[in-house]
1. Here are some conditions: (1) within 14 Å of another protein chain (Cβ to nearest Cβ); (2) away from ligand 2 (no atom under 12 Å from the Cβ). A:E7 meets all but one. Which one does it not meet?
2. So, of the residues in the range B:101-140 that are buried (at least 16 other Cβ atoms within 10 Å of the Cβ) and within 16 Å of DNA strand C (Cβ to nearest atom), which turns out to be nearest to A:H104 (Cα to Cα)?
3. Please go through the range B:38-71 and pick out each residue that is out of contact with any Lys or Arg (no Cβ under 7 Å at 6 or more places or on another chain) and of a type in the set (A, V, I, L, M).
4. Look at B:H53 and say whether it is at pLDDT 95 or above and open to solvent by 30 Å² or more (accessible area, probe 1.4 Å).
5. Looking only at the range B:78-100, which residues are facing chain A (nearest Cβ under 8 Å) and either open to solvent by 30 Å² or more (accessible area, probe 1.4 Å) or within 12 Å of the chain's Cα centre (by Cα) (or both)?
6. Taking B:A18 as the residue in question, decide whether it is open to solvent by 60 Å² or more (accessible area, probe 1.4 Å) and over 22 Å from B:L118 (Cβ atoms).
Protein chains: 2
Amino acid sequence: MHSYTEENYLKAIFNLSAEKGEVSANEISVQLKLKMPTVNSMMKKLAVKKLVHYESYKPIKLTEKGKKEASLIIRKHRLTEMFLVQKMGFGWEEVHEIAEQIEHLQSPIFFERIDALLGYPKIDPHGSPIPDKTGKMEWIKYEKLSSCKAGDTVRLAAVIHTTDEFLKFLNIRGLQLGLKIKIKFVEKFDSSMIVSYNKSNTEMLSETECERLLVEKI
Amino acid sequence: MHSYTEENYLKAIFNLSAEKGEVSANEISVQLKLKMPTVNSMMKKLAVKKLVHYESYKPIKLTEKGKKEASLIIRKHRLTEMFLVQKMGFGWEEVHEIAEQIEHLQSPIFFERIDALLGYPKIDPHGSPIPDKTGKMEWIKYEKLSSCKAGDTVRLAAVIHTTDEFLKFLNIRGLQLGLKIKIKFVEKFDSSMIVSYNKSNTEMLSETECERLLVEKI
DNA sequence: GATTTATGTTAGATTTGTCTAAGTTATAAT
DNA sequence: ATTATAACTTAGACAAATCTAACATAAATC
Ligand SMILES: [Mn+2]
Ligand SMILES: [Mn+2]
Ligand SMILES: [Mn+2]
Ligand SMILES: [Mn+2]
């Protein structure tokens, strides 16, 4: 259907425009490590295919069709990550690069089987929702750890803006999804937090770190 | 390292030249469904990369380097097929197309893990040997069922020239690797065989079918 | 408001992998 | 030995995805 390359553009646009609903050509070029004119000509091509709305000098938006296509690739990506962690024993910091390749496989039965073997999971190993077969996806309304107060007890529900390094950082501290965390103290000057979990562990987390951890209050 | 396209050429050349040690440009073009000039220019390119020996109007041979590269791709292909069958519940007739894509993934840890989870298998689901990490592969010296005589009892060891259709044909008859087969009768005119197995089953197999079944005598 | 800077566009070149059309060489048939 | 056929090669075109260099527009700064 679409080329490997086009799929990566769709996914990049989808992710970059998640908050604002639109994205600049420049941001796409940074994300995909391509020069601006390359992005520019691809936008024209995707516009012809009715995957993006494109007008000169204006930000780029995905069409409904584009959003659906992107979601279905993200579905394959996240199902793959879950399979790699749950069924193949990889760490959550190892799976993104592999999924980045497997997401482009053309084989409905392969992803059907993964889905079934996993018991039709709703989230990936980082807590992100897995779009359904029609491309629909909904984020459960978690809040950022950074927006919680001293005394709150929360459960770690998702990690956003994941990088392998940040995930390794969490590994070292024994921080994993589902963990019950108690906020002991919030430093006023830099908004860093002292948190405790697993009965014994106590750790300091910087504001940037707390911004990337989504939690549910309990 | 090499492109997806180049990898498919290497594999095609390796497989087509397995018996004679060389292959014509025409055979490659048929196998890969490409026109002759396309193959011709790729041969020049692969020759520059020292992956094939190429001289005008002569058959094509892989260099040692080319053989090794091809074997390592075949290794990934066969490990994948074994994983799909053993760990994901696919039938042996479903896995080739998927493996055809996964074999191109660039991720040593992914194939390492598959290998480990399978317990370092020596053969794929069709009985073909899996090359080792250095690209070495050896066929155990099986014989074709077609070369056996009435009265022989054999064990089904491998299926060659597999197609999904032939594998489904074997499925329907309950013929699978490891099965003990007794040759009841060999028809002189067309070399078809009457065989029995699993205590009750009796089937007639044509010569073409018997040519594709490798067995070990017991 | 004018100027500078950042962002976006156009034009043209390049690489990879494919094709068709035309010509060449080798093999098979007469 | 000619001729016909099949296999192979060359030449030139093309689409996809990228780039650089030059130009245009929008935004930010002065
Ligand atoms: Mn990921
Ligand atoms: Mn990708
Ligand atoms: Mn196969
Ligand atoms: Mn392949």
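The values are calculated or read from the model by the stated rules, or taken from the named source; none is laboratory data. Worth saying up front: this structure is predicted, and the values here are computed from it rather than measured. Neighbour counts are summed over all protein chains in view; Cβ atoms, including those assigned to glycine, are modelled from backbone coordinates with ideal geometry. For accessibility, only protein heavy atoms count, side chains too; no ligands or nucleic acids. Shrake-Rupley method; radii C 1.70, N 1.55, O 1.52, S 1.80 Å.
1. Status for A:E7: all satisfied but (2).
2. So the residue we want is B:Q101.
3. As a first pass, look at the range B:38-71 and keep what is out of contact with any Lys or Arg (no Cβ under 7 Å at 6 or more places or on another chain): B:38-49, B:55-62, B:64, B:66-69, B:71.
B:V39, B:M42, B:M43, B:L46, B:A47, B:V48, B:I60, B:L62 - these are the residues of the range B:38-71 that are out of contact with any Lys or Arg (no Cβ under 7 Å at 6 or more places or on another chain) and of a type in the set (A, V, I, L, M).
4. Details: at pLDDT 95 or above: yes; open to solvent by 30 Å² or more (accessible area, probe 1.4 Å): yes.
Yes: the conditions hold for B:H53.
5. B:K87, B:G89, B:E94, B:E97
6. Numbers: open to solvent by 60 Å² or more (accessible area, probe 1.4 Å): yes; over 22 Å from B:L118 (Cβ atoms): yes.
Yes.
Rundown of residues vs (1) within 16 Å of ligand 2 (Cβ to nearest atom); (2) over 22 Å from A:S128 (Cα atoms); (3) touching a helix residue (DSSP H, G or I) at 6+ places or on another chain (Cβ under 7 Å), yes/no style:
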site: A:L34; (1), (2), (3): yes, yes, no
site: A:A47; (1), (2), (3): no, yes, no
site: A:K50; (1), (2), (3): no, yes, yes
site: A:Y57; (1), (2), (3): no, yes, no
site: A:I60; (1), (2), (3): no, yes, yes
site: A:R75; (1), (2), (3): yes, no, no
site: A:T80; (1), (2), (3): yes, no, yes
site: A:V85; (1), (2), (3): no, no, yes
